[in-house]
1. I'm checking my understanding of the structure. Among residues of the stretch 202-220 that are loosely packed, with under 14 Cβ neighbours inside 10 Å and of a type in the set (A, V, I, L, M), which one is nearest to VAL88 (Cα to Cα)?
2. I need every pair where a residue in the stretch 194-218 that is within 25 Å of PHE25 (Cβ to Cβ) has its Cβ under 7 Å from the Cβ of a residue that is of a type in the set (Ser, Thr, Tyr), sequence separation at least 6 or different chains.
3. Here's a check for you: in the stretch 164-195, which residue that is part of a helix (DSSP H, G or I) and among the hydrophobic types (A, V, I, L, M, F, W, C) is surrounded by the fewest Cβ atoms within 10 Å (Cβ to Cβ)?
4. Does any residue of the stretch 101-109 turn out to be touching a residue at least 12 places away in the same chain (Cβ under 8 Å) and farther than 29 Å from VAL219 by Cα?
5. Report whether or not ARG60 is modelled with pLDDT of 95 or more, within 17 Å of the chain's Cα centre (by Cα), surrounded by fewer than 20 Cβ atoms within 10 Å (Cβ to Cβ) and of a type in the set (Lys, Arg).
6. So LYS103 clears everything in (1) open to solvent by less than 30 Å² (accessible area, probe 1.4 Å); (2) closer than 15 Å to TYR155 by Cβ except one condition, right? Which one?
7. Here are the criteria: (1) open to solvent by 20 Å² or more (accessible area, probe 1.4 Å); (2) in contact with a Leu (Cβ under 9 Å, 6 or more places away or on another chain). Tell me which single one VAL143 does not satisfy.
8. Within the stretch 126-134, identify whether any single residue is open to solvent by 40 Å² or more (accessible area, probe 1.4 Å), at positive phi and at pLDDT 95 or above, and answer yes or no.
Amino acid sequence: MSFVDQRVIVTGGTRGIGKGIAKEFLKEGATVIATYSSNDAEAEKFKIEFREYADRLDIRKFDVSNSEEVQAFYDYLDNTYPSIEVLVNNAGIRKDSLVPLMKEDDFKEVIDINLNGTFLMSKYAVKSFLRKRYGRIVNISSVGGKLGLAGQANYSASKAGQIALAKSMSKEVGKKGITINCVCPGFIETELIADLPEEQVKGYKMQVPLKRFGRVEEVAVAVKFLASQEASYITGTTLDVSGGL
C-alpha cells in the first residue's frame, strides 16, 4: 500500500489519532498536509518530531468549520500541488454534558467542527478529485456514533452524522472513482479521553471485550487501508477499531 506521489490531507493532524495517521502516511511515501486550528505549540512539536520528512510535510492552520477558511485552504492546494488523492477528516472536539445541563453553544460547536467541518472539507475535496476521477475520503467517526454514549449526545450525534454523510456521498461519486468510508475507533489512548475520571475509564475498559484501550497506530493502519488503491471496491461503509465494542 504505497502512497508515493500521493498527497494526503489529515485534518487535526498534529496530535492524537491525527498525528498517528499522518505518521503512517509519511512512512509510506506520501506528502502529508496536516491541519490544525489553534494549538501552535503542539504543531511546532509535531514539526520537530517529524523533521526527517520535512520535504513531504506541510502544516496549515485554519478552522475546518469556517467555509471561507476552507475555501482558502483548497485554493492554496490548487496553487501548490498537482493533485490531492486522499482526505482524512479527523478534526474533532468533545464538550461532554448530560443533555438537560448541556449548553446550547457546546452542542452547536461540536456539531459545527465534527460534522459541518467534515462536510466542508469533503465538498471541496470532491471537486478536486473529480478532475482526476480518483480520490479517497476517510472520516474518523466513533463507535459513539452507532452506540450512543451517556453524556456525549452532541459528540455521538456528530459522529453518526459523519457516517450518514459518507453513505450518501459515496452513492453520488462512486462512478467517478471516488470512495468515501468511515473508521470508527472505540476508546483510544489519546489526550481526547485523558480527562475522563479514573472510575469511568475502568468502567469503559470492562465493556471492551479485549479489556484495554486501543493504540493510535491500530487506527492509523485501518485508515491507510481504506485510503489505498487496494480498497477500490469498498465505499459507503464503516470499519470499527474498537476492541469488539
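The values are calculated or read from the model by the stated rules, or taken from the named source; none is laboratory data. All values derive from a computational prediction rather than experimental measurement. Because the Cβ atoms are built from the backbone with ideal geometry, glycine has one as well, and the counts that use them run over all protein chains shown. For the accessible areas, the whole protein counts, side chains as well, though only heavy atoms, and no ligand, DNA or RNA atoms are used. Shrake-Rupley method; radii C 1.70, N 1.55, O 1.52, S 1.80 Å.
1. Among those residues, the one meeting the criterion is LEU210.
2. Pairs found: VAL216/THR190.
3. Among them, the one singled out is ALA164.
4. yes
5. Judged against the criteria, ARG60 is a match.
6. (1)
7. (1)
8. There is at least one residue in the stretch 126-134 that is open to solvent by 40 Å² or more (accessible area, probe 1.4 Å), at positive phi and at pLDDT 95 or above.
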